[in-house]
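This report concerns only the one structure given below.
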Amino acid sequence: MAYQKPAAQDLVSLRQVFATIDAASCPHAFNFHMHTQHSDGQLDPQALAQQALDLGLKGFAITDHHQISGFYAAQAYLIESQQQHPDQSVPQLWTGVEINATLLDVVVHILGYGFNPHHPAMADYLLGEAPTGAMAEADRVVSAIHQAGGLVILAHPARYRKSYEELIPAAVAIGINGVETYYAYGNPKPWEPSPDKTAAVQAISQRYQLLNTCGTDTHGISLEQRV
C-alpha cells in the first residue's frame with residue numbers, strides 16, 4: 001500500500017485551495033496567517049481553533065514564528081471537537097510556520113505550509129528562535145521547507161525595507177512558490193486586503209505564475225483582525 005500523507009501535509013488539496021483564493025476568501029472562508037500564544041499571539045491554540053469553527057472556516061494554517069507546537073494543540077482540539085460533534089463541519093488544518101530570513105540583505109518573513117515537521121531539514125527552524133548566520137539566508141530556508149515537502153510563500157511582500165518589485169523576483173529565483181497577495185497593510189476594520197498593493201503584487205505574481213494566499217496575520221484575540 002502506498003504511503004498516504006497526513007491531511008495536514010496534503011499539498012494537492014492545498015494547491016487547489018490556493019488556486020481559488022481571491023480578495024473575498026479571507027477571513028471567513030480561509031486564513032493562512034495567524035499566531036498563537038506559542039509565539040507572539042494573544043490567543044491560545046484551542047481558542048483559535050474554536051474561532052475557526054465558529055467562523056465556519058473551510059481551511060487554515062497557524063503560522064507561529066519558528067515553532068509548530070501551536071499547530072499540534074489546535075489539531076488535537078479539532079479532532080476532539082469532531083469526535084464530540086460528528087455532524088459538525090471541521091476546517092482543514094495544514095502545518096504552517098513563519099521564519100525570518102535574509103533576502104537581498106533585508107529581513108523578510110517566509111511562510112511554510114504543508115511540510116513534514118519531523119523532517120531533519122526543518123529541525124533548526126522549529127526551535128522557537130529566529131535562525132542566524134547562514135541558516136537565515138532565504139535560499140536555505142526555502143530549500144529546507146521544500147525538502148520537508150512543503151510550499152513556500154513570501155509573507156506580506158509590501159511590508160519590507162526593499163520594494164516588492166525587487167523582492168518577489170529575487171524570491172522566485174530561489175524557488176519560492178507564491179506570495180501573500182491578499183493582505184491588509186493598514187489593519188482596517190473590517191479586515192480587507194489593501195486594494196492598491198494587492199493589485200500590484202497580484203500583477204507580479206501572475207507574471208511569474210505564482211500561487212496566491214491570504215491571511216489576517218492575527219496577533220490579537222480575533223481571527224478577523226491583525227491586532
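The values are calculated or read from the model by the stated rules, or taken from the named source; none is laboratory data. What you see is a predicted model, and the numbers here were worked out from it, not measured in a lab. A quick note on method: Cβ atoms are made from the backbone with ideal geometry, for glycine too, and the neighbour counts reach across all protein chains shown. Only protein heavy atoms, including side chains, enter the accessible area calculation; ligands, DNA and RNA are left aside. Shrake-Rupley method; radii C 1.70, N 1.55, O 1.52, S 1.80 Å.
Within the chain, helices built from complete DSSP H runs that reach 20 Å or longer along their own axis (Cα positions) and carry a mean Kyte-Doolittle hydropathy of -0.5 or higher are 69-84. Binning the alpha carbon pair distances of the range 1-116 at 10 angstrom intervals from zero yields the distribution 13, 43, 34, 8, 1, 0, expressed in whole percent. Counting lysine pairs in the chain whose alpha carbons fall under 29 angstrom apart, excluding pairs fewer than 8 residues apart on the same chain, gives 6. Taking all C-alpha pairs of the chain, those more than 32 Å from each other amount to 12 percent. Simple rule: put +1 on each Lys or Arg Cβ and -1 on each Asp or Glu Cβ in the range 87-227, find the dipole, and look at GLN88, SER194, TYR183; the Cα lying farthest toward the positive end is SER194.
Where both partners of a DSSP beta bridge lie in the chain, what percent of those bridges are antiparallel, to the nearest 5? Antiparallel bridges: around 50 percent, rounded to the nearest 5.
Ignoring ligands, DNA and RNA, what percent of the 1.4 Å accessible area of the chain is carbon and sulfur? Ligands and nucleic acids excluded, carbon and sulfur reach 49 percent.
Filter the GluC sites (Glu not before Pro) in the range 90-171 down to the DSSP loop ones having no more than 12 other Cβ atoms within 10 Å, then list what survives.
Of the GluC sites (Glu not before Pro), the ones in loops of the range 90-171 whose Cβ has at most 12 other Cβ atoms within 10 Å are GLU129.
Charging the Cβ of each Asp and Glu at -1 and of each Lys and Arg at +1, and nothing else, the dipole of the range 34-165 about its Cα centre rounds to 240 debye. For the range 1-112, what is the percent of antiparallel DSSP beta bridges, rounded to the nearest 5? Antiparallel bridges: around 55 percent, rounded to the nearest 5.
In the range 12-66, the convex hull through the Cα atoms has an average projected area of 4.2 nm², a quarter of its surface area.
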